[in-house]
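The values are calculated or read from the model by the stated rules, or taken from the named source; none is laboratory data. None of the values given here were measured: they were computed from a predicted structure. Here the Cβ positions follow ideal geometry from the backbone for every residue, glycine too, while neighbour counts run over all protein chains shown. With ligands, DNA and RNA removed, areas are computed over all heavy atoms of the protein, side chains included. Shrake-Rupley method; radii C 1.70, N 1.55, O 1.52, S 1.80 Å.
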Amino acid sequence: MMGIGKTGVQVTSKFVGRAEEVKYLQGKLQQARGGKGALVLVSGEAGVGKTRLVEEIGRQAAETGFLYLTGKCISQKDAAPYLPFLDALKNHVSMDGGGTRPDEDRMPVGLAAGMVGRGDSYDGGLISMGFLPMAKEQSPQFKMDAQSERDKMFNTLTQEIIGLSREQPVLLFIDDLQWADNASLQLLHYISRNVAEARVLVCGAYRPSELKATQTLPLVEMLRRMNQEKLYEEIELERFKLSEIGAMVRDILGIEDVPEKFIGKLFDESEGNPFFVEEVLRALVEEGIVKKDSYVWDTGVDLSAIRIP
């Protein structure tokens with residue numbers, strides 16, 4: 001038994017490791033600042049730290065004058081098209097006098113036309129007529145018109161982002177691309193084609209395991225197409241090393257003399273997944289194995305028996 005810990009134990013650590021990846025993305029930020037835009041995808045398993053990495057870069061970017069925009073795809077079959085992009089831009093579009101709804105005169109064509117709200121307040125939902133299901137009896141001309149309207153909307157939204165970048169460089173982050181709808185991925189494809197000479201860095205994050213589980217995800221085909229056009233670069237995140245897990249544990253507990261035996265067991269059990277480590281430590285606190293008032297840590301605890309959410 002060994003007394004370690006402190007009152008008010010954290011459940012997340014400061015940003016740890018990823019020095020090589022951070023340096024790479026910092027370089028991409030500098031290139032974007034100079035007018036060389038790009039798309040960078042960050043891939044890795046759930047909990048390995050994809051979002052945390054880009055959020056750290058976003059924090060650094062914002063501190064150096066970037067406009068940091070974020071949107072997130074959601075795992076729902078009926079999720080509204082373009083939702084992550086609208087989420088990212090919603091606070092950077094003119095609002096009406098009441099400040100409750102985006103000014104449709106400045107919203108990209110197709111987004112403004114399709115937005116739906118509840119009462120007087122905008123709820124973030126949207127439908128684009130260019131992506132409504134098309135019945136077999138619809139004429140080729142209708143499909144051509146719908147395609148034309150979609151292309152106009154894509155161009156307008158891209159120019160909106162580029163316009164923002166003329167005032168300050170832009171970092172746009174779209175998370176959980178494995179759940180992205182086809183419409184949003186087509187928009188991402190279009191944007192990536194058109195920001196090469198703009199002060200815009202686009203980052204996306206996804207889980208390759210989701211792609212391996214099913215070949216029907218829209219992202220599978222979109223990655224193939226963008227790879228053929230060499231439109232993106234990719235960072236694949238690996239699990240943490242033992243030293244990085246140790247740094248996490250010491251920071252979370254706020255002490256330096258955590259027993260190496262315990263860190264080793266935690267590393268073995270988690271296999272280096274940082275989110276798993278945080279959840280184990282959270283469970284240890286909640287189950288009283290780490291006692292905030294007596295600071296008792298049982299180094300012989302069976303980590304495999306801990307109930308992890």
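Got a sec? Which of Ala32, Ala38, Ala62 is at pLDDT 95 or above, surrounded by fewer than 17 Cβ atoms within 10 Å (Cβ to Cβ) and not aromatic (Phe, Trp, Tyr)?
Exactly one of Ala32, Ala38, Ala62 is at pLDDT 95 or above, surrounded by fewer than 17 Cβ atoms within 10 Å (Cβ to Cβ) and not aromatic (Phe, Trp, Tyr), namely Ala62.
What are the residues in segment 228-243 that are touching an Asp or Glu at 6+ places or on another chain (Cβ under 9 Å) and open to solvent by less than 40 Å² (accessible area, probe 1.4 Å), if any?
Ile235, Leu237, listed by residue number.
When only residues in segment 209-227 that are of a type in the set (A, V, I, L, M) and buried (at least 18 other Cβ atoms within 10 Å of the Cβ) count, which is farthest from Cys73 (Cα to Cα)?
If we take residues in segment 209-227 being of a type in the set (A, V, I, L, M) and buried (at least 18 other Cβ atoms within 10 Å of the Cβ), then Met226 is farthest from Cys73 (Cα to Cα).
Among the residues of segment 190-208, which ones are within 22 Å of Glu55 (Cα to Cα) and surrounded by fewer than 20 Cβ atoms within 10 Å (Cβ to Cβ)?
Residue satisfying the conditions is Pro208 alone.
For segment 68-75, indicate whether the set of residues that are under 30 Å from Glu287 (Cβ atoms) and modelled with pLDDT of 95 or more is non-empty.
no
Would you check if Ala196 is touching a Cys at 6+ places or on another chain (Cβ under 6 Å), hydrophobic (A, V, I, L, M, F, W, C) and touching a residue at least 12 places away in the same chain (Cβ under 8 Å)?
No, not satisfied.
Mind checking which residues of segment 194-215 are at pLDDT 95 or above and in a helix (DSSP H, G or I)?
If the condition is that a residue be at pLDDT 95 or above and in a helix (DSSP H, G or I), then Asn194 is the only one that fits.
Could you give every pair whose Cβ atoms fall below 8 Å, whose first residue belongs to segment 61-79 and is in contact (Cβ under 8 Å) with a residue 12 or more places away in the chain and assigned to a loop (DSSP other than H, G, I, E, B), and whose second residue is open to solvent by less than 20 Å² (accessible area, probe 1.4 Å) and among the polar types (S, T, N, Q), counting only separations of at least 6 or pairs across chains?
Here the result reads Cys73/Gln178; Cys73/Ser184, each pair linking segment 61-79 to a residue that is open to solvent by less than 20 Å² (accessible area, probe 1.4 Å) and among the polar types (S, T, N, Q).
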